[in-house]
Amino acid sequence: METIRVIVDNDMQNEKAYSQAVDILNNGEVVAFPTETVYGLGAVATNDQAVKKIFAAKGRPSDNPLIVHIGTKEEVPYYIEEIPEKAKECMDVFWPGPLTLVMKAKPEILAPSVTAGLSTVGIRMPDHEVALRLLRKLKKPVAAPSANRSGKPSPTKATHVEEDLEGLIPLILDGGTTGIGLESTVLDMTVNPPVILRPGGVTKEMLEQVIGKVIQPTNEQQKNESTPKAPGMKYTHYAPEAPVYLIEKEKELIEKAIQKLKEEGQRVALLAPSDYSDVQADYFFPFGHKGNQEEMGANLYDALRACDKTNATIILATTTSANGVGAAIMNRLEKAAGGKWISIDK
């Protein structure tokens, strides 16, 4: 299969590209498109055969549910059985935006592959011109996980999608680099108080200002969930080829660890804020300035992918504050590392 990448921007000369994307989706195929979080790989969410092509292209486990994307808030009642009052409040404040709400799905409307056999579904309205124009022109819901091979770092550029999926999908709408760079926050509205299933750009603190108490489990607590209610809960994700290990952020400990690993014959890549550039790793990939969590979140996946273009045999990733967007950054780093830590005696 030939994969075509078409550059789209905010002018009206892109009508042909949107029409092409709509035709492909209506014909039961998949299309990659940008959102404000990461690039998504979409199929019409009511067409099970089309949705299965997402799983095939990504190599994604079939028990991993998909998020449904819509172009207007008014579409929610078509697919959702019960809309809690707190969910309506979240939609009013955070939509369009990087917040997915998990609610009880109407039976036999969405494709079975979307919900992975669950009675619930995650739904969101993205805050990106290209995504919204596509959804509103299509006038159908689109199921879309991140547009990468399963387990790899999510794509924040169209070229990342090409690296993973060229020859496997027909079309990529190239809308440039995504803004937030981390997947949406997923909030389970079927329980009270609501539970964050996956942290993202809409933080626990932001949610609690609107709807009151919200539960945010640790990654360890989430591992005990046998059936994932949302993407990113069960499997190793966001990982480059070389093994990733987390390490505490004290510079002296990092230098000790790198020296020890080099003595063992390892080629070490360090993934850390730009303030760590003087640390003597074989490769250094800064993903923002220490303290600027939004910048760190936006650059994280690009830095993880850059590690794959080296011959590093091990990647050390520094920890960050777990407050605010830091919770999402740490969630992705822990998933990339599969929970592995390097410990060095102080």
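Of note:
- Lone unmet requirement of (1) at pLDDT below 95; (2) assigned by TED's automatic domain parsing to the domain that holds SER19; (3) not in a loop (DSSP other than H, G, I, E, B) for VAL186: (1)
- Within region 268-307, the set of residues being surrounded by 21 or more Cβ atoms within 10 Å (Cβ to Cβ) and either free of Cβ contacts under 8 Å to residues at least 24 places away in the same chain or in the same structural domain as VAL202 (by TED's automatic domain parsing) (or both) comprises PHE285, PHE287, GLY288.
- Pick from region 65-85, criterion touching a strand residue (DSSP E or B) at 6+ places or on another chain (Cβ under 9 Å) and outside any loop (DSSP other than H, G, I, E, B), ranking: farthest from LEU132 (Cα to Cα): ILE80
- Residue in region 31-43 that is more than 17 Å from SER146 (Cβ to Cβ), within 23 Å of the chain's Cα centre (by Cα) and in the same structural domain as THR156 (by TED's automatic domain parsing) present: no
- Of the residues GLY288, GLY297, GLY265, the single one that is touching a helix residue (DSSP H, G or I) at 6+ places or on another chain (Cβ under 9 Å) and on the phi > 0 side of the Ramachandran plot is GLY288.
- Test: residue in region 186-204 that is touching a residue at least 40 places away in the same chain (Cβ under 8 Å), out of contact with any Pro (no Cβ under 9 Å at 6 or more places or on another chain) and aliphatic (A, V, I, L, M): no
- Contact map, region 94-116: residues that are surrounded by fewer than 19 Cβ atoms within 10 Å (Cβ to Cβ) paired with residues that are aromatic (Phe, Trp, Tyr) and part of a helix (DSSP H, G or I), Cβ distance under 8 Å, separation 6+ or inter-chain. Pairs shown: LYS106/TYR78; LYS106/TYR79; ILE109/TYR78; ILE109/TYR79.
Quick grid of which residues meet (1) hydroxyl-bearing (Ser, Thr, Tyr); (2) assigned by TED's automatic domain parsing to the domain that holds THR178; (3) under 14 Å from the mean Cα position of the chain (by Cα):
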residue: PRO65; (1), (2), (3): no, yes, yes
residue: THR72; (1), (2), (3): yes, yes, no
residue: ILE80; (1), (2), (3): no, yes, no
residue: ARG133; (1), (2), (3): no, yes, no
residue: THR156; (1), (2), (3): yes, yes, yes
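- Qualifying positions in region 241-282 - in contact with a Leu (Cβ under 8 Å, 6 or more places away or on another chain) and of a type in the set (Ser, Thr, Tyr): TYR245, TYR276
- Number of positions in region 242-260 that are within 23 Å of THR310 (Cα to Cα), part of a helix (DSSP H, G or I) and touching a residue at least 40 places away in the same chain (Cβ under 8 Å): 5
- Any hit, region 145-159, residues being in a loop (DSSP other than H, G, I, E, B), within 25 Å of LEU333 (Cβ to Cβ) and of a type in the set (A, V, I, L, M, F, W, C): yes
- For ASP48: the one exception among (1) more than 25 Å from ASP302 (Cβ to Cβ); (2) touching a strand residue (DSSP E or B) at 6+ places or on another chain (Cβ under 8 Å): (2)
- Region 160-173, residues that are surrounded by 22 or more Cβ atoms within 10 Å (Cβ to Cβ) and in a strand (DSSP E or B): ILE172, LEU173
- Verdict on VAL121 being buried (at least 23 other Cβ atoms within 10 Å of the Cβ), β-branched (Val, Ile, Thr) and within 14 Å of ILE67 (Cα to Cα): yes
The values are calculated or read from the model by the stated rules, or taken from the named source; none is laboratory data. Because the structure is predicted, anything quoted here is derived from the model rather than measured. Don't worry about glycine lacking a Cβ; one is built from the backbone with ideal geometry, like all the others, and counts go over all protein chains shown.
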